[in-house]
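Here the structure is laid out as C-alpha cells; the discussion comes afterwards.
The values are calculated or read from the model by the stated rules, or taken from the named source; none is laboratory data. Computed from a prediction, not measured in an experiment: that's the story for all the values here. Note: ideal-geometry Cβ built from the backbone for every residue, glycine included; neighbour counts use all protein chains shown.
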Amino acid sequence: MAQVILENVKKYFGQVKALDGIDLIVKDQKFVVLLGPSGCGKTTLLRCVSGLEKVTSGRIYFDGQDVTDLPPRSRNVSMVFQSYAVWPHMRVYENIAYPMKIKKYDREEIENKVEWAAKLLNIHELLDRYPAQLSGGQRQRVAVARAIVLEPAVLLMDEPLSNLDALLRVMMRSELKKLQERLGTTTIYVTHDQVEAMTMGDMIAVMSAGKIQQYGTPEEIYHKPANLFVAGFIGSPRMNFLEVEIQRGKGEVFFISESVKITCPLKLSDKLRDFPQKRVTLGMRPEHIHLSRVESGYPLRGEVYFSERLGADTIVHFKVDEEKIVAKIPGDVILEEGGSVEFFLDLSKIHVFDPKTGRSLV
Amino acid sequence: MAKKLLIGFIAVIVSLWFLTPVVLIVFASLTPSSDFYDPHKLFPTKLTLDHLYKLFVVLDGWRATLNSLQVAGLSIGLSFLVGLPAGFALTRYVFPGKNAFRLSILLTRSFPMMIIAVPLVVLYLKIGISDTLTGVALAHTSMILPFVVLITSSILSGISVEYEEAGMIFGLSRFGAFLKITLPLALPGLAASAIFAFIMSWNEVFIASVLTLINRTLPAHILNTAMTSPDYFKFAAGTVMALPAMVFIFFTRKYLMSMWGISLK
Ligand SMILES: Nc1ncnc2c1ncn2[C@@H]1O[C@H](COP(=O)(O)OP(=O)(O)OP(=O)(O)O)[C@@H](O)[C@H]1O
Ligand SMILES: [Mg+2]
C-alpha cells in the first residue's frame, strides 16, 4: 500500500519519445487505469514504475521515497504480465511460493500465504499442476496469486485480461476489482479496452503519444472530456464531430454550418462569449441523439444510409445534407435505408472544442 | 495403409543405407584376423575383442582417449564460458553493430582450418604451448565457440524475456534471474549443444594432428598409428571413434532436433 507519484517522467528509445513528460499521482489504495491506443506508452509507463525500464529523466516516488534509481526487487512492486509469465518449470504451488522463497520467509509462513492466495483466487485444486496443464484463465489466476502473495505496495497489471475469451473477461473484470478493493493494494492497470477502464478504474488516465491527455474519474472522462482526443477515444460508437461557425446575436449564440443552425444553450454561451475565434468543433455522442422529441432537443432531419441492429441497441448512420452523423438508439429499431428520419439532439449534452488546440471550451 | 507401408519401406531402405557401413565396420573390428583375410567368409565364424584390446592397450589408445576427453571437456567449458554470455547478449540486448557481430561470427567459420593450422603451430611454438592439450583445446574452442554463440542465442531467444523480468520483479537480481529462471529453462537445449560440441571436438583430427606430436587426441593418434596397421585395426579404430558419438546422439536426439529447429511431429 503506497501512494505513487510520477514527476515529469520521460522515456526515450533513441528518437522515439515513448513517454513525454508524465505527471501522475496515484493515491493510496486506488485503482488507476492507464487507457490509450496501441503504442501510446502504457506498457512503457508501467515498466518505468516497476523498475524494469530506467527512465530517461523525471522522478518516481512511492510514499515519498524516491525509487527512481532502485532496481525492481527493491521497490516492493508486483506485476501481472500480459503473457502471465508463469514460470513453466515450476508447479503452481512453487510459482506462488517463489517470491516468498527468494525473500527467505520460513516454510510455515510460505505455506500459509500460498494457501491464502490460492483460496482467494480459487485455484486450490491446481496447486500440483505445471503451467502447461492449465487453461489461459487458470494461468491468469496463478499470475495474480503470485503477484499478491507478498502483499506488495504497488500492484501493476499489463492487459491481464486481453488473452481471455469475452465471457471470462467480463467475469474476471469484476473479480479483479473486488479483489483489489478487499486487499486495498494501490493498483495501476493497463488496458486499451475502454469498457474495462470505465468499469474497473477509480481513476482513468487517458494516454496518447506518450502524454496523459486527461486524468479523472470515469464519470469525468465520459461527461467532461478535456479535449478532442479523449472525447473521440471514449465512447462507442465514437462521438460525432461537427465543424461550425459561431455567430453572436442579441444575447444569443448560434452554431452554424451548412446543415445546422443550433442555438447554443445559455449555460455554454456564457463560456463562449470571450472566445476569440470564429470556428469551433461541436461534439455530440451518438447516445445523446434520440428518435423521440426531448426537452432542449434540436431536430436533425436527414436520410438514413446505414443502420446496424445490435439487438439491445440500434446504431443509425444518417446524413444531414452532407454531414454524416451516427446515432445510437435503444431497442431494436428497423429503419429503412434511404428513408428520411428526424432525430433530436440533446443540446444539454453537447461538447464544444477549440479546433486548433483541441481543448474543451466548456 | 498402403501409404504407411510405403513410408515404412522407404524408412527401412534409408536406415539400411546409413547403418550397413556402420554395422560392417563394427563387425570387421570384431573379426579375428584369420577370418578377416579369408576370401570365402563374408561373415566371421567367431568374434574377438583382440583388435580393440590391442588398439587400446598395446597401441596406447587409452591415453589418447583420455586426452580426447580432456580436450573436449576443456573446449566445451571454455566455449560456454564465453559463448553463453555472448549468446545471451545477442538475444536480449540491442547494441550497435549487432548484426555485423553475428555475421562476423559466421565468417570465422569460413576459414578452412588448414590455413590457420600452420600459423597456429608457429604461434604455439613461440608461446610454448605446442604439443599440449591446452593448445589443442584452445584451437577446438575457436572452432566450437561460434557454434555455441549462435546456438545458445537461438535457444535463449526461445525463452520469453518476461520469465526473467518476472523473476526480477519478484526479488531476483538480473544475474539471479538468469541463473534461477532462464538457465533451468534453457538447460535441455544447452546440454544438447554441449554434447554436439563434444562430438565436434571428439571427431576433429586435422588440428589435433598438426598441433601435437606426443600428446595426441584419439583421432590424431589413430591417424598416426592405426592407419599404418592392418585393415581390421582401422575398423577397430573406426568403431571406437563412431560409437560414443552415435550413443550420445541417440540419447539426445530429441533435444538436438529442437536445437536445429527440426520438429518430429
Ligand atoms: N524496447 C523498445 N525499443 C524501442 N522502442 C520501444 C521499445 N519499447 C517500446 N517502444 C516504443 O515506445 C512506444 C510505446 O510503446 P508501449 O509498448 O509502451 O505502447 P503500449 O501503449 O503499451 O501499446 P500496446 O497497447 O500496443 O501494448 C511505441 O512507439 C514503441 O514502438
Ligand atoms: Mg503494451
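Summary of values
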quantity: Residue under evaluation B:Val161, criteria (1) within 14 Å of chain A (Cβ to nearest Cβ); (2) touching an Asp or Glu at 6+ places or on another chain (Cβ under 7 Å), criterion not met; calculated: (2)
quantity: Segments classed as helices (runs of 4 or more DSSP H), wholly inside the stretch A:183-280, with at least 1 members that are touching a Lys or Arg at 6+ places or on another chain (Cβ under 8 Å) and closer than 30 Å to A:Lys113 by Cβ; calculated: A:194-200
quantity: Residue that is nearest to A:Ile60 (Cα to Cα) [pool: residues in the stretch A:7-19 that are within 11 Å of ligand 1 (Cβ to nearest atom) and surrounded by fewer than 16 Cβ atoms within 10 Å (Cβ to Cβ)]; calculated: A:Tyr12
quantity: Boolean, A:Thr185 is within 16 Å of ligand 1 (Cβ to nearest atom), among the hydroxyl-bearing types (Ser, Thr, Tyr) and under 30 Å from A:Tyr98 (Cα atoms); calculated: no
quantity: Pick from the stretch A:149-163, criterion surrounded by fewer than 22 Cβ atoms within 10 Å (Cβ to Cβ) and away from ligand 1 (no atom under 16 Å from the Cβ), ranking: nearest to the other protein chains (Cβ to nearest Cβ); calculated: A:Leu150
quantity: Failed criterion for A:Arg139 (all others in (1) in contact with a strand residue (DSSP E or B) (Cβ under 8 Å, 6 or more places away or on another chain); (2) within 16 Å of ligand 1 (Cβ to nearest atom) hold); calculated: (2)
quantity: Residue in the stretch A:84-99 that is within 16 Å of ligand 1 (Cβ to nearest atom) and in the same structural domain as A:Lys211 (by TED's automatic domain parsing) present; calculated: yes
quantity: Selection status of A:Leu179, within 14 Å of another protein chain (Cβ to nearest Cβ) and not polar (S, T, N, Q); calculated: no
quantity: Answer residue from the stretch B:196-209, given it is in contact with a Leu (Cβ under 8 Å, 6 or more places away or on another chain) and surrounded by 20 or more Cβ atoms within 10 Å (Cβ to Cβ) and is farthest from the other protein chains (Cβ to nearest Cβ) among those; calculated: B:Ile207
quantity: Matching residues in the stretch A:103-151 - criterion: being touching a Lys or Arg at 6+ places or on another chain (Cβ under 8 Å), without any contact (Cβ under 8 Å) to a residue 24 or more places away in the chain and under 23 Å from A:Asn76 (Cα atoms); calculated: A:Tyr105, A:Ile110
quantity: Where A:Ser257 falls short, out of the listed (1) under 19 Å from A:Phe344 (Cα atoms); (2) surrounded by fewer than 18 Cβ atoms within 10 Å (Cβ to Cβ); (3) in contact with a helix residue (DSSP H, G or I) (Cβ under 9 Å, 6 or more places away or on another chain); calculated: (3)
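Here's the yes/no breakdown for (1) within 16 Å of ligand 2 (Cβ to nearest atom); (2) within 14 Å of chain B (Cβ to nearest Cβ); (3) surrounded by fewer than 19 Cβ atoms within 10 Å (Cβ to Cβ):
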site: A:Pro37; (1), (2), (3): yes, no, yes
site: A:Cys40; (1), (2), (3): yes, no, no
site: A:Leu46; (1), (2), (3): yes, yes, no
site: A:Leu52; (1), (2), (3): yes, yes, no
site: A:Val55; (1), (2), (3): no, no, no
site: A:Ile60; (1), (2), (3): no, no, no
site: A:Asp63; (1), (2), (3): no, no, yes
site: A:Asp66; (1), (2), (3): no, no, yes
site: A:Ser78; (1), (2), (3): no, yes, no
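Okay, residues lined up against (1) over 32 Å from the mean Cα position of the chain (by Cα); (2) away from chain B (no Cβ under 14 Å); (3) closer than 26 Å to A:Leu168 by Cβ; (4) hydrophobic (A, V, I, L, M, F, W, C):
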site: A:Glu94; (1), (2), (3), (4): yes, no, yes, no
site: A:Met100; (1), (2), (3), (4): yes, no, no, yes
site: A:Glu108; (1), (2), (3), (4): yes, yes, no, no
site: A:Asn112; (1), (2), (3), (4): yes, yes, no, no
site: A:Lys119; (1), (2), (3), (4): no, yes, yes, no
site: A:Leu127; (1), (2), (3), (4): yes, yes, yes, yes
site: A:Leu134; (1), (2), (3), (4): no, yes, yes, yes
